[in-house]
Amino acid sequence: MGRALIERRLRDVTDRRKAVERDLAVAAEQLQHLAEEADEARLRALVSETPIAQQEHREAERHADAMRRHHADLAEQLAQLEQAQDDLLDRLVAAT
């Protein structure tokens, strides 16, 4: 693989990595908010013991779980991009 191609791929991976890092930061903030909402809904459901409060808790917990999965997916993408970046940097050094 030529040096120019490696450098181009490295720029692409770096750009994607920065985008995923931004998305991961946003997802972390949203996850914190949704987890807090789910905890509050759980407490309301325990105190009130009404079917509506329990339903609200289940719904809030589903949203928090979905965001946990999304956050984990983004973290995995970031790890893969970091590995790809490391591999490309190794190739770039070897091509020099």
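The values are calculated or read from the model by the stated rules, or taken from the named source; none is laboratory data. Just so it is clear, the model here is predicted, and its values are computed rather than measured. A quick note on method: Cβ atoms are made from the backbone with ideal geometry, for glycine too, and the neighbour counts reach across all protein chains shown. Remember, those area values only see protein heavy atoms, side chains included, never the ligands or the DNA or RNA. Shrake-Rupley method; radii C 1.70, N 1.55, O 1.52, S 1.80 Å.
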### Message
Taking the criterion of being open to solvent by 70 Å² or more (accessible area, probe 1.4 Å), in a loop (DSSP other than H, G, I, E, B) and either touching a helix residue (DSSP H, G or I) at 6+ places or on another chain (Cβ under 8 Å) or among the acidic types (Asp, Glu) (or both), would at least one residue in the stretch 34-50 satisfy it?
### Response
yes
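Does Gln80 fit the bill of being in a helix (DSSP H, G or I), open to solvent by less than 60 Å² (accessible area, probe 1.4 Å), of a type in the set (S, T, N, Q) and within 27 Å of Arg9 (Cβ to Cβ)?
no
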### Summary
Within the stretch 60-70, residues open to solvent by 50 Å² or more (accessible area, probe 1.4 Å) and under 10 Å from Gln30 (Cβ atoms) come out as His63, His70
#### Entry: Arg91 vs. criteria touching a helix residue (DSSP H, G or I) at 6+ places or on another chain (Cβ under 7 Å) and within 30 Å of Lys18 (Cβ to Cβ)
yes
### Message
Looking at Lys18 and the list (1) exposed (fewer than 14 other Cβ atoms within 10 Å of the Cβ); (2) of a type outside the set (Asp, Glu); (3) at pLDDT below 95, which single condition is not satisfied?
### Response
(3)
## Note on the structure
Among (1) open to solvent by less than 50 Å² (accessible area, probe 1.4 Å); (2) within 26 Å of the chain's Cα centre (by Cα); (3) small (Gly, Ala, Ser), Ala53 falls short only on (2)
